[in-house]
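Report on one structure; see the data block that follows.
Quick note: the coordinates plus some simple rules give every number you see, no bench work behind them. Because the structure is predicted, anything quoted here is derived from the model rather than measured. Heads up, the Cβs are rebuilt from the backbone with ideal geometry, glycines too, and the neighbour counts pull from every protein chain shown.
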Ligand SMILES: [Zn+2]
């Protein structure tokens, strides 16, 4: 009986640990940035770019609203289109490392993990001539080694507090709704970090028109509400 109970308990623990590695807000493996403390700030983050033409369309929209955002880039796409990366940087947005080829880092060796991070940082640094300091793990997948190696390479892990589910949305309205619903459910308002995608790890050139349209609507809505659209490093992080 005791053996059975122990087995059940360890299965539960194992499944909890599996959940924790992917859930954006769980801090089991050391602190990562998931949100800010100032509810007047909102950080839009775009993963899996650079992408053509969607990243460029986002840059136009952000510029019109004088808003800033954060782009987590895939190294192999950076090598393909360093000109887009330079445009992101020149517009004053923050750029982060999203690995060279977008594997789930829970399942790769420590050696591969280091290569994925180093190659992506190198690609970005060659494009813009500035050190990369931010990192977002693909699929949110992390384990102690991921955070340890990232920090050793001078990269701060950044997760998110609001998932837009834009990669599977049937319309731009649905994306905006997913975000609004998630923010409305918050008991204590905070500076939200929103996960969006200007590209896809599956293919360069993936259509992200819904994300672009949703971003136009989000910028309008939240600027009117008086929120400041900031890149993640500008977020207030005071303990409350
Ligand atoms: Zn990704």
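For each of 60, 156, count neighbouring Cβ atoms within 10 Å of the residue's Cβ, then give the residues from fewest to most. Write out the running numbers ahead of the final one.
On the way: 60 12, 156 17.
Fewest-to-most ranking of 60, 156: 60, 156.
Here region 97-117 and region 160-228 have alpha carbon centers that stand 26 Å from each other. Label zone (residue 168, point 7 Å along Cα-to-C-beta; backbone nitrogen cut-off 17 Å) within region 111-151: 139-141.
Can you tell me the FRET efficiency between residue 91 and residue 118 if r is taken as the Cβ-Cβ distance and R0 is 22 Å, rounded to the nearest 0.05?
Numbers: r = 26 Å, r/R0 = 1.19.
It comes to 0.25.
Compared with the dominant principal axis of the Cα atoms in the chain, helix 209-224 is inclined by about 80°.
Modelled label positions at residue 125 and residue 188, each set 7 Å beyond Cα in the direction of Cβ, lie 3.8 nm from each other.
Against the chain, whose longest principal axis is taken from its Cα atoms, helix 110-128 shows a tilt of about 10°.
Would you list 111, 208 from fewest to most Cβ contacts within 10 Å?
On the way: 111 9, 208 26.
Neighbour counts put them in this order, fewest first: 111, 208.
Here the relative contact order of the chain, from alpha carbon pairs under 8 Å that lie six or more residues apart, stands at 32 percent.
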